[in-house]
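Asker: Structure below; questions to follow.
The values are calculated or read from the model by the stated rules, or taken from the named source; none is laboratory data. In this text the structure is predicted, and so the values were computed from the model without any measurement. In this analysis, Cβ positions are derived from the backbone assuming ideal geometry, glycine residues included, and neighbour counts consider all displayed protein chains. Note: areas computed on protein heavy atoms with side chains; ligands, DNA, RNA excluded. Shrake-Rupley method; radii C 1.70, N 1.55, O 1.52, S 1.80 Å.
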Amino acid sequence: GAGGTGTSLDIGVVSMLGADEVAHAAAVALAVAAFNARNGSVVPAFASLSGCDVELVLASPFVDTNDDESLAIEARVAGSNAGWHAMLGPSRSSAAVATASLGPLLPLVQVSWR
């Protein structure tokens, strides 16, 4: 956890590997680092979390789904088996709907965009 004493939440990033998605992945990495440091320079609320013992951990390298529903499903299954607490992506509707439909079987938080 934060400072090694709290709760760690593992997060996987799943998306196709296009220019927009690479920018999103970089933003995720920066946001995770800022949250863990309680650095409020970009998200002011992070600075008020000094009593929070949660640390976010990017659990895997960026998983490129190539906008393929089957690859996105495989990534969600693998992430669930690896103990992810949350999955950011996929970024495209068709893949996001396919992976979200697995929620009752493979419960983990999924945040998608677009």
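Asker: Where does helix 69-82 land angle-wise versus the long Cα axis of the chain, in degrees 0 to 90, nearest 10?
Answerer: 40
Asker: Hey, another quick one. For ALA86 and THR7 in one chain, what is 0.36 nm times their gap in residues minus the Cα-Cα distance, to one decimal in nm?
Answerer: Details: separation 79, 0.36 × 79 = 28.44 nm, distance 1.40 nm.
Stretched fully, the ALA86-THR7 segment lengthens by 27.0 nm.
Asker: Write down the accessible area per residue of the chain in Å², having rolled a 1.4 Å probe over the full set of protein chains. Present the calculation step by step, with values, prior to reporting the outcome.
Answerer: Numbers: 6030 Å² over 114 residues.
Accessible surface, normalised per residue, equals 53 Å².
Asker: With the crude spin-label approximation of a point 7 Å out along Cα→Cβ, what separation in nm comes out for VAL42 versus SER93?
Answerer: 2.8
Asker: Now for a separate question. To the nearest 10 degrees, how steeply does helix 19-37 sit against the main Cα axis of the chain, on a 0 to 90 scale?
Answerer: Orientation of helix 19-37: about 30 degrees from the principal axis.
Asker: Let me ask something else. How much of the DSSP bridge set in the chain is antiparallel, in percent, rounded to the nearest 5? Could you put the intermediate results ahead of the total?
Answerer: Working: 0 of 13 bridges.
The antiparallel fraction comes to roughly 0 percent.
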